[in-house]
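The values are calculated or read from the model by the stated rules, or taken from the named source; none is laboratory data. Here the structure is a predicted model, which means the values were calculated and not measured. Backbone-built Cβ (ideal geometry, glycine too); neighbour counts: all protein chains shown.
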Amino acid sequence: MNTVQELRAALRAGHGYPGDAERLDAELAGQLPRRVPADHLGEANAVADAVAVAEIVSAYRGRVLLAADREAADAVNEAVHDLLARQGAE
């Protein structure tokens, strides 16, 4: 996965976790600058948006890779199940 489109395609094909494709799009929509005039490209908010987008893409790429590793996915699912069971017991 070298592009956002490849990441989206992987998520829509069922890789990752349920709802990831929709959450990715929502998170990206919240961070992408609407229109930044050329004379404002160097401003901190435009850079912060690019950093946030890179972090979002990296996180979802990691989720796809994690889900593809069956042992890791099983370990995560077990940990989540245990956590939810403990929360329900409180």
Can you pull out the residues in segment 52-90 that are closer than 18 Å to Tyr17 by Cα and basic (Lys, Arg)?
Arg61, Arg63, Arg70
Return the pair list, or none, for Cβ contacts closer than 9 Å from residues in segment 22-37 that are more than 13 Å from Ala52 (Cβ to Cβ) to residues that are in a helix (DSSP H, G or I) and modelled with pLDDT under 90, at least 6 apart or on different chains.
Val36/Asn45; Val36/Ala46; Val36/Asp49
Counting residues that are at pLDDT 90 or above and under 17 Å from the mean Cα position of the chain (by Cα), which helices (runs of 4 or more DSSP H) fully inside the chain reach at least 2?
4-12, 20-31, 44-68
